[in-house]
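A short reminder: the numbers here are calculations on the coordinates, not readings from a lab. Fair warning: this is a prediction, and the values are worked out from it, not measured in the lab. Here Cβ is always computed from backbone atoms with ideal geometry, including for glycine, and neighbour counts include all displayed protein chains.
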Amino acid sequence: MQVPQTQVPKTKTPFLATPRPETRECRPRARRPRDPQADPKARRSPGKGAAALFVLATLFCVAALAATYIFFVRTTTGQFIDESALVEAVELSGTAGKAATKLLDWLPALSVVIASIVVVFVTILRRRWSAAAIAIAACVGANVATQILKDLLPVRPYRGVETLELNSLPSGHTTMAASAAAAVFLMVSPRWRPLAGFLGGSFAVATGVSTLINQWHRPADVVAAFLLVGAFMIPAGWLIIRRGPRWNIWDGYNKHWASARVWVALPLLAGLAAAGVAAYALLSVGLGGQEISSTSYFWAGTSLIVIAGYLATVAGVWLFGLAAGQRGAHLRAA
C-alpha cells in the first residue's frame, strides 16, 4: 500500500531570492541640486551686477558731461583754463599744426571708411545683423546729439575772459572719430576688444589733440565729446551683449594676442603720465603767479584730453570684459 505523499510548499531562502525588477525601480531617485548658472534664463543674461555697472557708467557720462559744461563754460576759472589752452596752441602751430590740419581734413572720410569696412566685414562674415544695426544707430545718435547740443546750449557768458561767445561744445570731429572707434569696438569679438579699444582710443585722442592744436576746439569741447559718445555707446553695447549671447564670450586676458593685458596697460600708463604732466603744468602757473613755460595751459589742456580719452578706453575694456566673462562662465557651466 502506497502512502500518499503530502506536498510541502517550497520556501525560498532569503539569501537566494532575486529581487523583482519592480523593486529596483520603486526607489525614488535623489534630485541633484539645480545649478542656477545652468538655467537657460541665466544664460541669456550677463547678470544683474553687470547691468547695474552699465547703468552707472551711462549715468556717470551724462553727469560728467553736465559738470564739464558748467565748470568750463559757466565759471570764470574754467573759462580761463580752457581759453588759455586754446590761445597758447599758437606756439605749436608749425609742423605739428600742418600735420594736425591734414588729419582733420581727412578725418570725416577716414572715420567713416574704417568703421564701415570693419562693421560690414564683421556683419557679413559673422551675420551679426542686429549688433550692426544697434552700433550704427548709436553712432548716428551721438553725432546728431552733438549738433543739437551746439545749437541748444546757451552761448558762453562773459566772465571777464576774452573769448568767443559762440558755443563750441562738444567737438563734432572728436565725436565722429570716437563714435566710429566705439562702433568697431562693439562689433568685434571680446578677444579683439582690448586691441580695438587701444587703437580706437588712440585715434580719438589724436583727433581731439589735433582740434586743439589747430585752434578749432578747446579741451573741454573734446572731453565733452568723449562723454557724449560714452552715454550713447554704453547702452548700445549692453543691448549688443544681450542680443548676441553666443559670440560675446571669451576666456580672459592673455588667451589671444589681441586680448593681451598690454593693450590695457598702455592706455593706463599714458593716462597716468598725462596726469603728472597736467599737475606739473598747473602748479607751474599757480605758485606765485609766475609761469615757467608760456605753454603751460596748453600742456594741461592736452593732458586733460589724453586722460579723458584713455581713461574711457580702460574703463570700457574692463566693463565689457567683465560682462563677457560672466557670460562665458554661464555657458561653460551649462
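Whole Å is fine, so just give me how far the alpha carbon centre of segment 195-217 lies from that of segment 233-247.
When both Cα centres are located, 26 Å separates them.
On a full-extension model of 0.36 nm per residue, what is the gain between residue 67 and residue 159, subtracting their alpha-carbon distance, rounded to one decimal in nm?
Values: separation 92, 0.36 × 92 = 33.12 nm, distance 1.75 nm.
So the extension gain works out to 31.4 nm.
Estimate the FRET efficiency between residue 117 and residue 243 by the formula 1/(1 + (r/R0)^6), using the beta-carbon distance for r and 22 Å for R0, to the nearest 0.05.
FRET efficiency, residue 117 to residue 243: 0.50.
What's the FRET efficiency of residue 91 with residue 144 using the Cβ-Cβ distance as r and R₀ = 35 Å, to the nearest 0.05?
Details: r = 35 Å, r/R0 = 1.01.
Working from the Cβ atoms, E equals 0.50.
Expressed in nm to one decimal, what extension gain is obtained for the pair residue 151 and residue 273 from 0.36 nm per residue of sequence separation less their Cα-Cα distance? Before the final figure, lay out each step's value.
Working: separation 122, 0.36 × 122 = 43.92 nm, distance 3.55 nm.
The span from residue 151 to residue 273 would gain 40.4 nm if fully extended.
What is segment 147-225 by shape, rounded, prolate or oblate, if you read a ≥ b ≥ c off the alpha carbon gyration tensor as root eigenvalues and call it rounded for a/c under 1.5, prolate for a/b larger than b/c, and oblate otherwise? Could the numbers behind the result be given before it?
On the way: a/c = 3.79, a/b = 2.32, b/c = 1.63.
In terms of gyration-tensor shape, prolate.
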